[in-house]
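Here, each number is a calculation from the coordinates, and none is a lab measurement. Note that this is a predicted model, so its numbers are computed, not measured. All Cβ positions, even for glycine, are placed from backbone atoms using ideal geometry, and neighbour counts span all protein chains on display.
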């Protein structure tokens, strides 16, 4: 292998190594950002920012799911429950359960409020087939959650399900 | 500096057989193909014009240049399904190693476009898919066990060296280590990992449960053991795996570890991807021996079959020829 080729490949090796540690360096730091400009372009292009924080620093202690309640002009209501992996078979969990789990966890957070209108419209579309003759007035997005009991005070047996959820209406989308 | 240069050269540029990378290509792309098939029913909800998150929102949130073909065309079902068809074809081509590098480039472009269409859906599995597929492109994964290497017997355009410098495999290996070491680092900052209750909480997340082993998962003693064991195994997979004597036991332990997680918890594809990645820590010689053995036993099976002599000979010649194409 020629020397020039080796130098070029060594550069690529270093670029990859730098990209592996990027997220763990201060993102706002001007000097780091200057040094990292080419690495950042590479990472953003393919969306490769790596954090690898699986169940870290601590696993979540909340079971969360979302629903959307649609109010129609005739005074009736209908509710769309976003799919929950906990109620699915293995095949569906692989196909879309995990994705709905992830996005429900994203949507419920206040800092992601830019996703709420889309979410409300999506729920409206899902309920349209059953309510095609009705005029929707508004969509209320509701988050439901319960917390896993403390291991010392109330040990929860594996696979037992807590059906008691707290609910909070976090967004209203006015259709008309 | 000279010594460092020597080590660098030996570590990254020593030439080794490519069968190992080819085997990894088949396993990796096979898994992505499984993911792809499972994902086919999600076009409407996740990628199409009426998906959960609109393309308008995606564009607003990601105004910088990135690999997303959805930004170059008008969003329609025709385009979305077209992209998925191209993605599927490129994955099948990559799996069989036909025009391997261009096929992998197309597959990565389609994969990244679909991922970036609705990035809020994604977890570490999809990040792994992009990271490793990108590295496969620059690897010699199509140099053997591929249609390309078979065609190389007839056309010089397809002819590739069977031995190749290790650098792409090394980047993948370093990447795997980094994943384990970072996750241990982050976990050590958490209270539950230190006090031993993290596995209790993780296995009680209802959306992530799969099957149970009641005695194990309902005993605080074993839950604590599993929590600390996770840290120990993950650290070993990131660090001790580089030591010759410990390599094989750690690879096997890592594979069993990920299989156990897959059994207890529903984390689709991630554990399977990690098991596939660990294959890269077997040496290229070991993987070549495995590939040789598999092909030889396949040839023996054909020899013993009831197929006509002429057909048998043709198949065996093809397999041997593809297998033995010289450097």
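One residue stands out among those in segment A:162-171 that are touching a helix residue (DSSP H, G or I) at 6+ places or on another chain (Cβ under 8 Å) and not in a loop (DSSP other than H, G, I, E, B): the one that is nearest to residue A:61 (Cα to Cα), which is A:170.
Tell me, please, whether a residue that is under 18 Å from the mean Cα position of the chain (by Cα) and buried (at least 21 other Cβ atoms within 10 Å of the Cβ) can be found in segment B:149-159. No - not one qualifying residue is present in segment B:149-159. Within segment A:23-60, the set of residues being surrounded by 13 or more Cβ atoms within 10 Å (Cβ to Cβ), under 30 Å from residue B:107 (Cβ atoms) and more than 11 Å from every other protein chain (Cβ to nearest Cβ) comprises A:36, A:39.
If the condition is being under 30 Å from residue B:314 (Cα atoms) and in contact (Cβ under 8 Å) with a residue 24 or more places away in the chain, then segment B:262-298 contributes B:284, B:285, B:286, B:287, B:288, B:290, B:291, B:292, B:295. Test residue A:68 against the stated conditions and say whether it is touching a strand residue (DSSP E or B) at 6+ places or on another chain (Cβ under 8 Å), in contact (Cβ under 8 Å) with a residue 40 or more places away in the chain and surrounded by fewer than 17 Cβ atoms within 10 Å (Cβ to Cβ). Taking the combined requirement at face value, the residue does not satisfy it. Residues in segment A:132-154 that are in contact with a helix residue (DSSP H, G or I) (Cβ under 7 Å, 6 or more places away or on another chain) and free of Cβ contacts under 8 Å to residues at least 40 places away in the same chain: A:151 alone.
Residues in segment A:71-106 that are without any contact (Cβ under 8 Å) to a residue 12 or more places away in the chain and within 17 Å of residue A:127 (Cβ to Cβ): 2 in all. Inspect segment A:80-91 for any residue being buried (at least 18 other Cβ atoms within 10 Å of the Cβ), within 12 Å of chain B (Cβ to nearest Cβ), out of contact with any helix residue (DSSP H, G or I) (no Cβ under 6 Å at 6 or more places or on another chain) and farther than 25 Å from residue B:227 by Cβ and give the result as yes or no. Yes, the conditions are met somewhere in segment A:80-91. The sole residue among B:95, B:122 that is within 20 Å of the chain's Cα centre (by Cα), within 14 Å of chain A (Cβ to nearest Cβ) and within 15 Å of residue B:32 (Cβ to Cβ) is B:122.
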